[in-house]
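Some notes on the structure that comes next.
The values are calculated or read from the model by the stated rules, or taken from the named source; none is laboratory data. Owing to the predicted nature of the structure, the values given are computational and were not obtained by experimental measurement. Virtual Cβ from ideal backbone geometry, glycine too; neighbours counted across all protein chains shown. Accessible surface is based on the protein model in full, side chains and every heavy atom, while ligands, DNA and RNA are left aside. Shrake-Rupley method; radii C 1.70, N 1.55, O 1.52, S 1.80 Å.
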Amino acid sequence: MATVDRSNSSFWRARFVGPDGKRVTRSLKTHNYKEALKLATDLELAAKRGRAGSLTTNRGRAVLNEILEAAGQTPLDTVSTRAFCAQWMLDKAKNAAGTRKRYQHVMDDFVDSLGAVADRPLASVHASHMETYRNKLTKAGLSPRSLRLNFKIIAGIFTKGVRQGIIAVNPCGAVEVDDAVGQSREPFSEDEVQALLRVATEDWKTAIFLAAFTGMRLGDAVNLRWDSVDLAGGRITYTPQKTLRKRVTLEVPTHPRLLAHLESIAGDIGGPICRTLAGKGTGGKTGLSRQFIAIMEAAGINRGATKADNTQSRAVSAKSFHSLRHYFNTELLRAGVDEKTRMDLSGHTTTAISRKYAHTDEKTRRAAIEKL
């Protein structure tokens, strides 16, 4: 066990078993007892790993950085957290624009929460800083789901630091995050879909048809181009913006109602199908999501604006354009389509995500019981 003493020196000295198994003494160059004991323990741990053959170059560098940090000295890896985060964002250049925007917002908010620590080495960020960040998000009223997503993004930054040997552990791992389930989107009923189609403009009607019969998200529906549609073959082939980096291409057979609509507006095929909506942003006060809310109101549909929990200040709509994607999955489930096929059509990568989109109503549940 490592010990410390001062003997005739003004600095504390560490006594521990070195990598060769022999007892060694090292000056710690500090007058603080607690700091000296921590340094001595770290040195002994590094020596123990050296004897066991588990002290790799990266691990040794990380341990030394921790020792230097504890001693108030500059670690070997001097890249600041701010700079490391910026570099991490450059690695996300191939992600969809919406995803990059989300990452950038979370990263900027996190760096801002660190204050002066953001300009110190990455190893300077500890679990206590992550707890402060979590408490900030909770106080701001983020839903449990959004809070978990923010932490997942930040954890990715530190995971890269661990892999590169810049830090020894990910500080996010020591922080508990609320695992409560936030409010999920609700699917539209068939009557509500028909009501939307009755009041929508031509391009919005097309976007609604695409979402209801292919499960497309808003950005994918309004930006779909004619060269992705095979009217003769009855199929639509597209790459969702959300999975653009993974190059996941979906091929969805065209439902007869959707096919009839597309044939009715085909004319001189070229460019985007929803010409008045293509290229427009979905967020903001004048974005497409807001426009769709106006269509819902005109159709007499209550979007069910509620709060996900007692701490959340931001209203969350139970129904939005995304409810058409839920409608698509729910109708597939009701028709008896197996989960694997539903996942292939929707582009879901896990059953957990897929099951959030497929809702059962009383009629479906009753029919299931009657099969017993």
Handout entry: Solvent accessible area, Å² - Glu202, 1.4 Å probe, full protein context
Key = 100 Å²
Practice task
Order the following by accessible area, largest value first: Arg82, Arg217. Probe radius 1.4 Å; ligands, DNA and RNA are ignored.
Solution key: Arg82, Arg217
Exercise for the section: Whenever you get a sec, line up Tyr327, Tyr33 from highest to lowest accessible area (probe 1.4 Å, protein heavy atoms). Expected result: Tyr33, Tyr327
Problem - Positive-end extreme of charge dipole, segment 108-152 - chosen from Val125, Leu147, Gly115 (charges on Cβ) - result: Leu147
Practice task
For Val79, tell me the accessible area in Å² from a 1.4 Å probe, rounded to the nearest 10.
Solution key: 50 Å²
Fill in the blank from the handout: With Rh as the Kirkwood radius over Cα pairs, segment 253-294 has Rg/Rh of 1.09
Handout entry: Estimated vicinal HN-Hα couplings, Hz - segment 157-167 in sequence order (Karplus 6.51, -1.76, 1.60; Gly, Pro = x)
Key = 5, 6, 4, 5, x, 5, 4, 8, x, 6, 10
Practice task
When a/c is below 1.5 the answer is rounded, else prolate if a/b is larger than b/c, else oblate, so apply that to segment 92-141 with a ≥ b ≥ c taken from the square roots of the Cα gyration tensor eigenvalues.
Solution key: oblate
Exercise for the section: Could you sort 207-214, 163-170 so that the peptide with the highest average Cβ count within 10 Å comes first and the rest follow in order? Expected result: 207-214, 163-170
Practice task
Assign one of three labels to segment 193-294, namely rounded, prolate or oblate, based on the Cα gyration tensor with a ≥ b ≥ c the square roots of its eigenvalues; rounded applies when a/c is under 1.5, prolate when it is not and a/b is larger than b/c, and oblate otherwise.
Solution key: oblate
Problem - Accessible heavy-atom area order of Asp230, Asp191, Asp203, Asp344, highest first, probe of 1.4 Å - result: Asp191, Asp344, Asp230, Asp203
Practice task
Work out the charge dipole of segment 236-300 with +1 on the Cβ of Lys and Arg and -1 on the Cβ of Asp and Glu about the Cα centre, then indicate which of Ala278, Ala260, Pro240 is farthest towards its positive end.
Solution key: Pro240
Practice task
Using only protein heavy atoms and a 1.4 Å probe, report how much of Arg102 is accessible, in Å² to the nearest 10.
Solution key: 80 Å²
Problem - Only Lys, Arg (+1) and Asp, Glu (-1) charged, at Cβ; segment 135-234 dipole about Cα centre in debye - result: 720 debye
Exercise for the section: Could you work out how far apart the two model spin labels at Lys136 and Thr3 are, taking each label as a point 7 Å from the Cα in the direction of the beta carbon, and quote it in nm? Expected result: 4.5 nm
